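Below: the structure, in structure tokens.
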Amino acid sequence: MEQKEQWSSKIGFILASAGSAIGLGAIWKLPYVTGMSGGGAFILLFVLLSLLIGFPLLLAEFIIGRSTQKEAISAYKQIAPGSKWHWIGYLGVITCFILLSFYSVIGGWIIQYIVFCLTGKVGGGNTDYEMLFMESVTNPLLSVGAQALFMIITIMVVGKGIQTGIEKASKFMMPALFILFIVLIIRSLTLENAMEGVSFLFNPDFSKLNSESILFALGQSFFLLSVGVSVMVTYSSYLPKGDSIVQPAFSVVTMNLFISIFAGLAIFPAVFSLGFEPTAGPGLLFIVLPSVFEKMVLGTIFLLIFLVLFLFATLTSAFSLLEIVVASVSKGRGGRNRLSWIIGILVFVVGIPSALSFGIWSEISIFEKSIFDAADYLVSNILMPVGALLISIFVSYRMQKSILKNELIQKTKYSFLFEVWYFLLRYIVPLVIIVVFLDVTGII
Ligand code: PHE
């Protein structure tokens with residue numbers, strides 16, 4: 001039996017967990033919705049949801065992992081032996097497998113764009129990014145090749161293990177991500193008319209907050225914090241038993257919030273200042289933003305900075321997605337490197353149809369969605385909420401209250417906060433998830 005792997009430091013654990021949380025959600029999904037859904041009002045809502053829903057769930061996953069010191073599936077088995085609760089672990093592992101299969105497609109696009117920058121294919125003031133984007137996502141060889149490259153980097157890091165792989169990479173990538181963001185924000189905010197973008201992002205307009213945006217924010221609060229799929233169970237199982245989990249959880253939530261706001265601040269002032277219209281999703285990051293940078297002095301360098309930080313954000317999320325699957329198969333028995341390759345290649349193969357669904361397989365539809373969109377819908381709107389619901393129920397109804405209290409706080413002066421957390425997890429979180437779930441699946 002190998003010695004159990006552990007994070008070498010608390011900061012390593014925090015950065016790796018924040019790295020898992022900060023990804024496409026914060027940089028791609030959120031900024032646009034914020035601008036369209038009442039700016040400051042939406043940010044306020046999102047802060048509230050992160051604290052009332054995301055944070056309690058994150059703590060719940062941390063308790064399961066740190067108290068058992070086991071990866072996602074074994075952890076549930078240890079707490080509830082002989083029951084079916086460990087299916088939550090299987091659900092999480094399967095969800096992460098599928099999620100990584102299409103997450104890596106976007107990772108591949110980022111790599112393609114980085115290569116375009118480095119080889120001088122873009123820049124010079126006359127690149128047609130709409131065309132370039134279409135060319136790169138529809139070209140089967142390019143998109144699958146780039147996706148493979150993204151998976152290879154992920155596999156190599158996860159294969160190296162917790163301390164020398166994931167922790168080391170996160171300790172470099174996360175601070176770098178912050179610094180690159182600051183550079184971009186300064187550039188963006190010092191452009192002419194930058195304030196227009198700032199007000200698009202922040203101006204609180206409560207009238208734009210409708211049930212749709214509220215429900216969207218709720219649904220995204222799991223995705224954005226990587227909760228509901230037991231990734232955080234696995235990550236916290238590498239934490240020494242005596243370490244506090246409240247402060248790390250709080251740090252992860254705040255870092256995630258900051259980066260979401262940073263992303264908006266880097267993107268919108270530049271977009272408005274150079275006379276572009278913000279659009280949603282891939283269009284914003286792969287067509288509008290590069291076109292904006294192209295109009296700036298030294299634009300290619302700023303585009304490259306943005307792409308690198310975007311790549312770091314997606315990679316650190318991908319590490320956690322592959323890690324939970326690898327850990328659940330290896331169960332601490334070693335052979336991590338080989339398993340990372342086997343599982344990583346499987347993920348890649350399963351993800352190929354998603355990559356092709358923008359080009360030669362775009363005709364294929366599942367429930368009127370492309371393969372990529374269908375996989376995203378399944379994960380974000382069905383598997384993650386179900387997982388989050390089961391985790392909140394498991395921890396608050398199946399685990400003993402006295403044990404939870406012991407796990408969360410040793411000092412009695414925090415007793416009151418414990419009760420608040422317990423109440424949220426037991427009543428509010430499940431209720432909210434059920435309402436959102438019924439809504440997005442069209443049942444109500
Ligand atoms: N939180 C990641 C993002 O925002 C996605 C993710 C979800 C990663 C669940 C791991 C587990 O991109």
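Over all other residues within a Cβ to Cβ distance under 14 Å of Ser354, the charged ones net out to -1, with Lys and Arg as +1 and Asp and Glu as -1.
Which whole-number percentage describes the relative contact order of segment 297-390, with Cα contacts under 8 Å and a sequence gap of 6 or more?
13
Over segment 10-440, Cα pairs under 8 Å with separation of 6+ residues give a relative contact order of 35 percent.
Spatially, segment 25-61 and segment 234-301 are offset by 13 Å when compared through their Cα centroids. Ratio to report: Rg/Rh of segment 5-106, with Cα atoms as the point set and Rh obtained by the Kirkwood method; give two decimals. Dividing the radius of gyration by the Kirkwood radius yields 1.03. Two tests apply to each whole DSSP H helix in the chain, Cα reach of 27 Å or more along its axis and mean Kyte-Doolittle hydropathy of at least 0.5, and the ones passing both are 87-118, 140-160, 168-189, 246-273, 299-330, 336-356. Peptides 107-120, 310-323, 356-369 ordered by packing proxy, namely the average of other Cβ atoms within 10 Å per residue, highest first: 310-323, 107-120, 356-369. Rounded to two decimals, the Cα radius of gyration of segment 305-444 over 2.2 N^0.38 Å is 1.40.
Roughly how many Å is it from the Cα centre of segment 103-168 to that of segment 385-444, as a whole number? One Cα centre to the other: 38 Å. Cα extents for segment 10-440 along the principal axes, largest to smallest and rounded to whole angstrom: 64, 49, 41. Pairs Lys168/Lys405; Lys121/Lys295; Lys10/Lys160; Lys77/Lys171; Lys241/Lys401; Lys84/Lys331: which exceed 22 Å Cα-Cα? From the list (Lys168/Lys405; Lys121/Lys295; Lys10/Lys160; Lys77/Lys171; Lys241/Lys401; Lys84/Lys331), the Cα-Cα distance tops 22 Å for Lys168/Lys405; Lys77/Lys171.
We did not get these values from a lab; they are worked out from the coordinates using the rules stated. These numbers were taken from a predicted model, which means no experiment stands behind them. Quick reminder, even Gly has a Cβ in these numbers, built from the backbone with ideal geometry, and neighbours come from all protein chains shown.
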